[in-house]
Structures are given as structure tokens and as C-alpha cells.
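Working notes, beginning with the structure itself.
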Amino acid sequence: MVVRGNGFTLIELLITLTIVGIILGIAASSFSSWLTRTKTEETAASLQRSLSHARSEAIKHGGRIYFCGTTDGSACNTTLNNGWMIFLDSDNSAQLDNGETVISLVRIDADQFQIVLADMANANVLTGVAYNHRGYSTPAVSATITRGVNSKSFTMNRSGNFQ
């Protein structure tokens with residue numbers, strides 16, 4: 001007479017672990033895709049908030065406010081991939097000069113995103129956006145934020161409305 005104990009055989013355990021591993025692999029892949037999409041949307045929302053902030057600061061200060069990409073917060077550069085800043089551009093030079101005040105600085109991970117601002121009128125790539133004392137931007141812009149296969153776009157007219 002053969003007595004069989006309560007429990008699982010080695011083959012049953014291996015099959016169960018294989019199935020669990022496959023399910024976890026699928027779940028991790030879906031989570032990674034969701035996380036990338038969410039970070040792209042968050043960066044687009046942050047960019048929109050900063051453009052709106054620049055507009056409100058221009059109205060508040062009654063002077064020219066400039067929004068541009070920056071690597072270190074001390075000078076404008078040609079890309080927003082490292083982040084951006086807003087400053088009071090008292091001499092209308094589109095560059096942060098001595099005595100000009102940085103109002104806001106946002107840093108992002110350059111390896112993660114590709115951010116492109118373009119002039120809506122002629123599709124030229126922009127390095128910055130100027131706002132006058134009434135809060136109107138020069139020029140109207142379109143923005144595209146890309147991370148991996150995920151992309152988020154929006155436009156902003158000269159009066160600061162987003163679409």
C-alpha cells in the first residue's frame with residue numbers, strides 16, 4: 001500500500017511558478033508603458049503651467065518676461081530637454097544678464113525627454129518665448145514632448161490659451 005502525502009509535486013510547483021512569472025512579466029511591461037506615458041503627460045502639464053506662469057508674471061511686473069530652455073539656470077540655451085527658466089528680461093535681449101531676476105527654474109532629466117517648441121506661424125523651432133506687459137506671447141507656440149514612443153502635444157495662442 002502506497003501512502004501519498006498532502007502537498008505538491010515538483011512538476012506542479014514548476015508549472016505554477018512559470019505561469020506566475022509570465023503573468024508578472026506582462027504586468028511589469030504594462031506598468032512600464034503606463035509609467036512612461038504618465039511621465040510624458042506630467043512633463044507636458046509642467047510646461048503648460050510654466051508658460052502660464054510666465055504670462056502672469058509679465059502682467060504682474062508690467063514688463064517683458066522671457067521663457068527659455070536652460071541647462072544650469074544661468075543662461076538660455078537652444079533646447080528645453082534639460083529644463084527651462086522664466087526671468088525678467090529688462091533689456092529685451094532674450095538672455096539672462098547681470099541684474100535680471102530669475103523667477104522660476106524647472107529642471108528635468110535630459111536623457112528622458114525630447115521637447116520641441118515651434119512658432120505656429122512658420123513652424124520654426126524656438127529657443128524661447130517672450131511675453132509683453134499685457135501677457136501676450138511672441139510668438140504663438142506649439143509644443144511636443146516625447147519620451148520613448150509616447151508623445152504629447154499642445155498649442156498656445158498669443159493670449160495664452162491652450163488647445
| message | Just the residues that are crowded, with 17+ Cβ neighbours inside 10 Å and in a strand (DSSP E or B), please, taken from the range 73-92. | response | CYS76, GLY83, TRP84, MET85, ILE86, PHE87, LEU88
| field | Qualifying positions in the range 94-111 - within 28 Å of THR38 (Cβ to Cβ), part of a loop (DSSP other than H, G, I, E, B) and out of contact with any helix residue (DSSP H, G or I) (no Cβ under 7 Å at 6 or more places or on another chain) | value | ASP109, ALA110, ASP111
| message | As an exercise: evaluate ILE26 against (1) at pLDDT 85 or above; (2) open to solvent by 60 Å² or more (accessible area, probe 1.4 Å) and give the number of the one condition it does not meet. | response | (1)
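One line per residue, one yes/no per condition, for (1) in contact with a Phe, Trp or Tyr (Cβ under 8 Å, 6 or more places away or on another chain); (2) part of a loop (DSSP other than H, G, I, E, B):
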| position | (1), (2) |
| --- | --- |
| GLY7 | no, yes |
| ILE23 | no, no |
| SER32 | no, no |
| ALA44 | yes, no |
| SER50 | yes, no |
| GLY69 | yes, no |
| message | Exactly one condition in (1) under 27 Å from the mean Cα position of the chain (by Cα); (2) more than 26 Å from PHE113 (Cα to Cα); (3) not hydroxyl-bearing (Ser, Thr, Tyr) is false for ASN82; which is it? | response | (2)
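For the range 36-53: of the residues being free of Cβ contacts under 8 Å to residues at least 60 places away in the same chain and open to solvent by 70 Å² or more (accessible area, probe 1.4 Å), which is farthest from ILE103 (Cα to Cα)? Even if it seems obvious, please write down each step before you answer.
Step one: filter the range 36-53 for residues free of Cβ contacts under 8 Å to residues at least 60 places away in the same chain, giving 38, 42, 45, 49-50, 53.
Pick out the ones that are also open to solvent by 70 Å² or more (accessible area, probe 1.4 Å) and you get 42, 49.
Details: GLU42: 21, ARG49: 14 Å.
Step by step, filter the range 36-53, then rank; the result is GLU42.
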| Out of all the residues in the range 60-72, which are open to solvent by 80 Å² or more (accessible area, probe 1.4 Å) and closer than 16 Å to GLY135 by Cα? | LYS60, HIS61
| field | Filter result (part of a strand (DSSP E or B) and either open to solvent by 70 Å² or more (accessible area, probe 1.4 Å) or of a type in the set (Gly, Ala, Ser) (or both)) within the range 131-163 | value | SER137, THR138, SER142, ALA143, SER151, LYS152, SER153
| remark: Residue count, the range 112-130, condition part of a loop (DSSP other than H, G, I, E, B), free of Cβ contacts under 8 Å to residues at least 40 places away in the same chain and surrounded by 13 or more Cβ atoms within 10 Å (Cβ to Cβ), comes to 2
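The values are calculated or read from the model by the stated rules, or taken from the named source; none is laboratory data. All figures in this text were calculated on a predicted structure; none of them were measured in a lab. Backbone-built Cβ (ideal geometry, glycine too); neighbour counts: all protein chains shown. These area figures cover heavy atoms from the full protein model, side chains too; ligands, DNA and RNA do not enter into them. Shrake-Rupley method; radii C 1.70, N 1.55, O 1.52, S 1.80 Å.
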